Amino acid sequence: MLSKLYSIAITGVEAEIVEVELDLSGGLVGIRIVGLPDNAVRESADRVKSALKNSQYQYPPRKMVVNLAPAELKKEGALFDLPIALAILLASEQIEAPRAGDYLVMGELALDGTLRPVKGVLAAAIIASQKNFRGLIVPAANAVEAAVLADQIEIFPARNLSEAAGFITGELGRPEITPDCSEELQREHHLCFSDVRGQEHVKRALEIAAAGGHNILMMGPPGSGKTMSAQRLPGILPQLNLEESLEVTKIYSIAGELAPGQGLLKDRPFRTPHHNASPAGLIGGGTIPRPGELSLAHNGVLFLDEAPEFSRTLLETLRQPLEDGQITISRAASSARYPANIMLVLSMNMCPCGKLGDNRKTCRCTPNQIERYTAKLSGPLLDRIDLHIEAPALHYNELRAPKKGETSEVIRARVQNARDIQQNRFTGSTTPVNARMLPSDIETHCALPPEGEVLLKAAVDNLGLSARAWSRILKVARTIADLAGEENINIEHLSEAIQYRVLDRKNNL
């Protein structure tokens, strides 16, 4: 007897349909799984055998061949346990389920037949909707995640093998699942910018970065508030819309980063990898390919504290994703593409000992040591950083000042206003924010007055700016104008944008 069900395999951050075919015939008793399975898939034979017996089903004393098609697509993980078990029950005629092929099925079986959660459920729900499947059968622990698309497909959360079999035979009905709707998304509590004393120009630069999606580098001695300010950046960023939330949640689901019972992610990601992170950990890939920190920060912030402590090779790998908004991991047999539309936030000291720039302390680093330290951030990488800002050491009076600064809510209102202007500006195009403007967008939306052209020409000539740095200045000036509610870029907006090229000025003194 032959039976067939459908499941999924993950490639990059997308799901692909997999046919789970099972042939039951005479011969040596046992299961053989073909179709490029990994070890976890091959081991499902033992899990399925025990789960069937402990769920009061018969394990057929026959030869069974399981084919996972297409054969050239690598199959990974334990999510094929449930479809293989149901295929055995169908082929051995222990159950009858004419509608079994209408559903995508996934789940890891425990030896007693209960179902454990698996990765990639949201990606499965999305492709089930796109390919016109009737619904999705998933472990109960993944129900909230799958319920995001409950208005488009049927979701059946099974606690064990018996419940899954009962549903496809029609013996069990489908319970109501409340989806995590975008209208109910609420902002979570964040650290507030009012806690940061002084450093008003740093707060201003972070506000501009948040408003236009710009990359930013903060430089200064230890304790000047660089990390503290960066940690408060998520509180002023606009909340994820439904489309962005689906993209981010899908990545976290595939990476196994979703908490049990968690549905849509509501806030923009804020990732802070340690400087000893491996290339696979930061960029993605590995023996079993998975998204790295770059992709986990998609539509959010990647914060590299003490950036020069990261290896130069690792920092250089950021250059291409910063331009393209995605990363492609190529291997001999296959390649995977991961999204990486991020805001990059870097912080660094001015020298290895950290005392340079603090007028209360004496730096004893040699010029060569300082040059080697700062050279870890190459010129091409710095070109891709829109704003360079210095954060000097705070004086006692600034720390003890009774007046607090603006709250994150006040700043976020201005940021949201600027983002709304950009959304209207780029309606109908693929450009999401000013930082992602194409050359044609710059030509259309970044016109300068005559005195602005003179000022920018002088800056390019005197600072030796590259074409990329020139375009970054225009993009930042456009964002500053948006924050001011101005339709056109004026000389004040452009002057402020040029001031945020600190390292370009230092390198040309």
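The values are calculated or read from the model by the stated rules, or taken from the named source; none is laboratory data. In this text the structure is predicted, and so the values were computed from the model without any measurement. When we count neighbours, we look across all protein chains shown, and the Cβ atoms used for this are built from the backbone with ideal geometry, even at glycine. Keep in mind that these areas ignore ligands, DNA and RNA; they rest on the heavy atoms of the full protein, side chains included. Shrake-Rupley method; radii C 1.70, N 1.55, O 1.52, S 1.80 Å.
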Some residue of the stretch 422-432 being within 24 Å of GLU200 (Cβ to Cβ) and small (Gly, Ala, Ser): no
Any hit, the stretch 163-172, residues being touching a Phe, Trp or Tyr at 6+ places or on another chain (Cβ under 9 Å), at pLDDT below 90, outside any helix (DSSP H, G or I) and open to solvent by 10 Å² or more (accessible area, probe 1.4 Å): yes
Identity of the residue in the stretch 7-39, more than 34 Å from the chain's Cα centre (by Cα) and β-branched (Val, Ile, Thr), that ends up farthest from ARG62 (Cα to Cα): ILE31
Residue list for the stretch 64-101, restricted to those being open to solvent by 10 Å² or more (accessible area, probe 1.4 Å), part of a helix (DSSP H, G or I) and at pLDDT 95 or above: LEU90
Unmet requirement for LEU28, which otherwise passes all of (1) among the hydrophobic types (A, V, I, L, M, F, W, C); (2) over 16 Å from TYR6 (Cα atoms); (3) modelled with pLDDT under 95; (4) crowded, with 16+ Cβ neighbours inside 10 Å: (4)
Count of the stretch 284-297 residues which are open to solvent by 10 Å² or more (accessible area, probe 1.4 Å) and in contact with a helix residue (DSSP H, G or I) (Cβ under 6 Å, 6 or more places away or on another chain): 2
Residues (among the hydrophobic types (A, V, I, L, M, F, W, C) and not in a loop (DSSP other than H, G, I, E, B)) located in the stretch 102-129: LEU104, VAL105, LEU109, LEU115, VAL121, LEU122, ALA123, ALA124, ALA125, ILE126, ILE127, ALA128
Selection status of VAL48, open to solvent by less than 10 Å² (accessible area, probe 1.4 Å), assigned to a strand (DSSP E or B) and hydrophobic (A, V, I, L, M, F, W, C): no
Single condition THR430 does not satisfy, out of (1) among the β-branched types (Val, Ile, Thr); (2) over 26 Å from the mean Cα position of the chain (by Cα); (3) surrounded by fewer than 19 Cβ atoms within 10 Å (Cβ to Cβ): (2)
The stretch 453-502: number of residues that are open to solvent by less than 50 Å² (accessible area, probe 1.4 Å), under 17 Å from GLU443 (Cα atoms) and of a type in the set (Asp, Glu): 1
Of the criteria (1) over 29 Å from VAL144 (Cβ atoms); (2) in contact (Cβ under 8 Å) with a residue 24 or more places away in the chain; (3) part of a loop (DSSP other than H, G, I, E, B), which one ASN276 fails: (2)
Complete set of residues in the stretch 434-446 that are surrounded by 13 or more Cβ atoms within 10 Å (Cβ to Cβ), closer than 14 Å to ILE489 by Cβ and out of contact with any His (no Cβ under 8 Å at 6 or more places or on another chain): ASP441, ILE442, HIS445, CYS446
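To keep it simple, each residue is scored yes or no on (1) charged (D, E, K, R); (2) within 23 Å of ARG319 (Cβ to Cβ).
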site: GLU200; (1), (2): yes, no
site: MET219; (1), (2): no, yes
site: LYS226; (1), (2): yes, yes
site: GLY235; (1), (2): no, no
Pick from the stretch 120-162, criterion closer than 22 Å to LEU258 by Cβ and charged (D, E, K, R), ranking: most open to solvent (accessible area, probe 1.4 Å): ARG159
